[in-house]
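Just below is one structure, and these are the notes that go with it.
The values are calculated or read from the model by the stated rules, or taken from the named source; none is laboratory data. Everything numeric here is computed off the predicted structure, so don't read it as measured data. Here the Cβ positions follow ideal geometry from the backbone for every residue, glycine too, while neighbour counts run over all protein chains shown.
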Amino acid sequence: MIEKYYSKNPANMSVGIANINSMTGDVSENKKKIVQALNLFSAKNINIVIFPEYCLSGYFWEPETECRPFMEESCLDDMKDWFDEIVRLYVNETLQYIVFNGLKKNGNNSGTFFNTTTILDGTCNYFDDDKTYKKAFFPGLEKGYLTSGINDTLVLETQWGKFGFLTCYDICFPLHIQKLDYMPKVDALIVNAAWRKQGMRTYDGLKIKDDSYYKTQWEIILPALACYNQIWIMAANAVGPHSLEGLDYCGNSGIWAPSGINMIKGSDTEEELLLLHNIDITGEIEAEKEEFCFSDDLRSICK
């Protein structure tokens, strides 16, 4: 566990992020791990908890003939009773929101799913449009399973600020993000991811070799997303081995301030729970914009 304090003001927001391994094909083990995390986060008076992408089912694998039946059986649609129990046990005036991600069945009989982020809160309306975000962009293997939620948006309004949502590969499309009109509306983006580590890039003439290039991408994109939009980024990524494919998730879950500077970061190899207390969400945005406000400067030219 890594625990830090942004300020001494308990009226500010406390965030918990699970930098954990989502075991592929083992819902019961993943549920157990989630409950253990929630017990700790609840005891530490956290206000919002964020879990990685596919935190209940784990990530896809090949062959599809084995993977697809399991993914169909582990959809969020079939988790309502479990969600009800989680809300009953953990959601209260302090821990107000729990953010999960997984598959939701596509009702058009296309044989595809929506990659869906859902917010558990006291309303218990887990699948309403104002509680879900559908992932827009898919790499590689996901394209055979998923339907895009292109142009879908979700803004969660809280007493501490407004939060938008992106999922994993979505963060690679900054122009799309800006077109969604998120930026004027939110103070932070919550990112759920199952972002892997391996990827090779070599530049022989310079004797440069990066065999964990996708981890390098993760480390570049998130602070950039925070600083050029001058908002908070709160990202939960899976960590450790994909249990069937022999790849590693890169972890490094964390929180980045509107400056792009990291406030707290998880391991790239070990499971950890991250706790950052008393974050002044809107105050830090205002402070960052006092010197240079990028959106104001843009509007002054593009009237």
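For this structure, a couple of remarks:
- Selection from the range 91-120 of residues that are closer than 25 Å to residue 24 by Cα, free of Cβ contacts under 8 Å to residues at least 40 places away in the same chain and among the β-branched types (Val, Ile, Thr): 112, 119
- Among the candidates 283, 260, 205, residue that is surrounded by fewer than 21 Cβ atoms within 10 Å (Cβ to Cβ) and assigned to a loop (DSSP other than H, G, I, E, B): 260
- Only listed residue being among the basic types (Lys, Arg) and either crowded, with 21+ Cβ neighbours inside 10 Å or more than 28 Å from residue 155 (Cβ to Cβ) (or both), chosen from 265, 215: 215
- Filter result for residue 234 (assigned to a loop (DSSP other than H, G, I, E, B), within 19 Å of the chain's Cα centre (by Cα) and within 30 Å of residue 159 (Cα to Cα)): no
- Output for the range 179-202, where each listed residue is part of a strand (DSSP E or B) and out of contact with any Leu (no Cβ under 6 Å at 6 or more places or on another chain): 188, 190, 192, 193, 199, 201, 202
- Each residue in the range 57-103 was checked for being out of contact with any Cys (no Cβ under 7 Å at 6 or more places or on another chain), aliphatic (A, V, I, L, M), over 11 Å from residue 118 (Cβ atoms) and buried (at least 17 other Cβ atoms within 10 Å of the Cβ), and 4 pass.
- Within the range 1-50, considering residues that are assigned to a loop (DSSP other than H, G, I, E, B) and among the small types (Gly, Ala, Ser), the one nearest to residue 120 (Cα to Cα): 22
- Residue 221 passes every criterion in (1) in a strand (DSSP E or B); (2) more than 22 Å from residue 98 (Cα to Cα) apart from (1).
- Of residues in the range 128-154 being of a type in the set (Val, Ile, Thr) and surrounded by 15 or more Cβ atoms within 10 Å (Cβ to Cβ), the one nearest to residue 231 (Cα to Cα): 153
- Against the conditions (1) in contact (Cβ under 8 Å) with a residue 40 or more places away in the chain; (2) surrounded by fewer than 20 Cβ atoms within 10 Å (Cβ to Cβ); (3) in a helix (DSSP H, G or I), residue 299 satisfies every one except (1).
- Residue 176, sole failed condition from (1) in a loop (DSSP other than H, G, I, E, B); (2) modelled with pLDDT under 95; (3) more than 28 Å from residue 12 (Cβ to Cβ): (1)
- Boolean, residue 75 is without any contact (Cβ under 8 Å) to a residue 40 or more places away in the chain and closer than 23 Å to residue 244 by Cα: yes
- In the range 255-303, the residues that are on the phi > 0 side of the Ramachandran plot and under 18 Å from the mean Cα position of the chain (by Cα): 260
- Of all residues in the range 1-22, none satisfies being among the aromatic types (Phe, Trp, Tyr) and either at positive phi or buried (at least 21 other Cβ atoms within 10 Å of the Cβ) (or both).
- Some residue of the range 121-128 being assigned to a strand (DSSP E or B), closer than 29 Å to residue 61 by Cα and touching a residue at least 24 places away in the same chain (Cβ under 8 Å): no
- Some residue of the range 21-44 being under 21 Å from residue 162 (Cα atoms) and either among the β-branched types (Val, Ile, Thr) or under 17 Å from the mean Cα position of the chain (by Cα) (or both): no
- Residues in the range 21-49 that are touching a residue at least 24 places away in the same chain (Cβ under 8 Å) and polar (S, T, N, Q) were compared, and the one that is farthest from residue 74 (Cα to Cα) is 45.
- Listed by first and then second residue, the pairs linking a residue in the range 153-164 that is more than 13 Å from residue 117 (Cβ to Cβ) to a residue that is among the acidic types (Asp, Glu), with Cβ atoms under 7 Å apart and 6 or more places separating them unless they lie on different chains, are 161/187; 162/187.
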